[in-house]
Amino acid sequence: MKPSLTRTVLAAAVGSALMVATVGSAFAQSAAERRERQAERGQSASSSTTESAYANATRKAPSAKASARMSPRLQKMVDLYDEDKGTEARAAAEEIIANERANEYDRAFAAQIAAQAAYDADDMVAAMSYLKRAIEFNGLDNDGHFGAMLMLGQLQLQEEQYAESIATFDRFFQESGSRKPEHLVLKGNALYRMDRFQEASEVLKEAVDSSDEPRADWLQLLVATYIETGQEAEASALAERIGAENPNDKRAQMNLAAVYMQGDQLDKAAAVLERLRLAGQLTEDREYRQLYGTYLNLDGQEAKAAEVITEGLEKGVLKPDHQVYVAQAQAYYFSDQIAPAIEAYKKAAPLDDNGETYLNLAKVLWQEDRIAEAKEAARQAKTKGLDSPKEADQIIALQGN
């Protein structure tokens, strides 16, 4: 009796994860927009005040404005920043901060400008330090003060200082009274990064529910928290909503497929990925692996798996490694395409760390009565090493050529 080929679907080919976008930084505006805002804040004490964005704040905004003595220096600092002279602007800010005649507003505003200049220079440590000082000086109006908190929290999040970021956001919400969705999402993101998924899901759901048009990346982050907390039904429903609203968005569709996979709905995952493939949107090695791995784990879909692998290799998207060739061989073999299965095993066997793939090749060749080739493959299997050489020895001992 001839040995049967062991089917070993590679689990690594099926694995998938949500692509969670990072919530944008507070500094994600153009330099011109930032400077315009800062220049407006740098006006003299006679500037009119507008209604604060933080009407529910518990903090009482200070009454101090730019002092008469410091106003020219503040304006010079702003001018330097506007002229892309960040180093000089920071030096001017330090002089103001150190000046005994400067009041709390002068120092806080100078620290805020210095933070912007440091950020422009990719000096995140200094930017965060200046923002902390701007907050400690406690001299800005509520818009400026809480804006500095938001910027600090986002930079801490960006720099993976998650615990510090959450502490900053907690203080922000307590003192500002804000429950704006764009602010809640920032804390939700930090909680997610800290693996505090249940808390993250509660904060993110509040943000989504309170927004008339929640952004797609907010929704995707909420989906991820649902998955982490075992709320599969909620994750699927939300992922389907995002996918339906964004049919041409690859990220949304890949995330929908990932949710289906994690919910063991492989047929639905395959359908989503197949649509992307037919639309030419599968452009990465891992994406082809996800699709062919899904097909290999579905009964009767081996031929589709072989088709996907062949296409990926022909396009040069799939890396031609041992795992891919083994998957291709199995897909062909279990869809009764024996000749191409043999060729795929011949490509996979030399790439294996041991002789198991050569042994599988030997078994297929034996089943096809290609005895001489089967015996040679069995010998190579033993040469590369087998945990148990018994089957290889049986093939080598066969009579005939």
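Residues whose amide H lies under 5 Å from that of THR229, counting only those 5 or more places away or on a different chain, are absent; hydrogens are built 1.01 Å from N in the peptide plane. Exposure proxy ranking for ASP84, ASP299, ASP106, based on other Cβ atoms within 10 angstrom of each Cβ and starting from the fewest, stands as ASP299, ASP84, ASP106. Measuring from a point 7 Å past the Cα of SER52 along Cα-to-C-beta, which residues in segment 112-155 have an amide N at less than 12 Å? Residues 139-147 fall inside that zone.
Under the simplified labelling scheme, the GLN394-ARG241 pair shows an inter-label distance of 5.7 nm, with each label point 7 Å from Cα along Cα→Cβ. Here is how the number arises for the chain: DSSP H runs of 4 or more residues each give -39500 (n - 2.57), the sum is divided by the residue count, and the result at 222 nm is -20500 deg cm²/dmol.
Among the listed pairs LYS132/LYS187; LYS363/LYS384; LYS319/LYS390; LYS180/LYS205; LYS205/LYS268; LYS85/LYS187, which have their C-alpha atoms separated by more than 24 angstrom in this model? Among LYS132/LYS187; LYS363/LYS384; LYS319/LYS390; LYS180/LYS205; LYS205/LYS268; LYS85/LYS187, the Cα-Cα distance tops 24 Å for LYS319/LYS390; LYS205/LYS268; LYS85/LYS187.
In percent, rounded to a whole number, the relative contact order of segment 212-252 is 36, using alpha-carbon pairs under 8 Å and six or more apart.
Among ASP369, ASP285, which comes first, second and so on when ranked by fewest other beta-carbon atoms within 10 Å? Walk me through the numbers before you get to the answer.
Numbers: ASP369 10, ASP285 15.
Listed from fewest to most nearby Cβ atoms, that is ASP369, ASP285.
Residues in segment 193-204 carry Karplus couplings, in order, of 5, 8, 6, 9, 5, 5, 5, 4, 5, 5, 5, 5 Hz; the curve used is 6.51 cos²θ - 1.76 cosθ + 1.60 with θ = phi - 60°, and Gly or Pro positions show x.
So how far apart, in nm, are the two label points at LYS85 and MET124 if each is 7 Å from Cα heading toward Cβ? For the pair LYS85/MET124, the computed spacing is 3.0 nm.
Report Rg/Rh for segment 331-387, rounded to two decimals, where Rg is the Cα radius of gyration and Rh the Kirkwood radius. Numbers along the way, then the final one.
On the way: Rg = 10.6 Å, Rh = 11.0 Å.
Using Cα coordinates only, the ratio equals 0.96.
So for segment 38-187, what are the equivalent ellipsoid semi-axes in whole Å, largest first, each being the square root of 5 times an eigenvalue of the Cα gyration tensor?
On the way: eigenvalues 120, 74, 29 Å².
Gyration-tensor ellipsoid for segment 38-187: 24, 19, 12 Å.
When you restrict to C-alpha pairs under 8 Å that are six or more residues apart and normalise by the size of segment 305-401, the relative contact order lands at 20 percent.
From the alpha carbon centroid of segment 126-185 to that of segment 222-288 is 34 Å.
Rg/Rh, computed from the Cα trace of the chain with Rh as the Kirkwood radius, has the value 1.21.
Inter-label distance, GLU95 to ASP299: 8.1 nm, where each label sits 7 Å from its Cα along the C-beta direction. Working from Cα pairs under 8 Å separated by at least six residues, relative contact order for the chain is 13 percent.
Take the Cα of ARG370, go 7 Å toward its beta carbon, and the backbone nitrogen atoms of segment 332-352 under 11 Å from that spot belong to 338-347. Computed on the Cα trace of segment 161-291, the radius of gyration divided by the Kirkwood hydrodynamic radius gives Rg/Rh = 1.04. Going from the residue with the fewest nearby Cβ atoms within 10 Å to the one with the most, TYR333, TYR358 rank TYR333, TYR358.
Bear in mind these aren't lab numbers, they're just calculated from the coordinates by the rules spelled out. Quick caveat, the model's predicted, so the values are computed rather than measured. For neighbour counting, all protein chains shown are included, and Cβ atoms are generated from backbone atoms with ideal geometry for every residue, glycine included.
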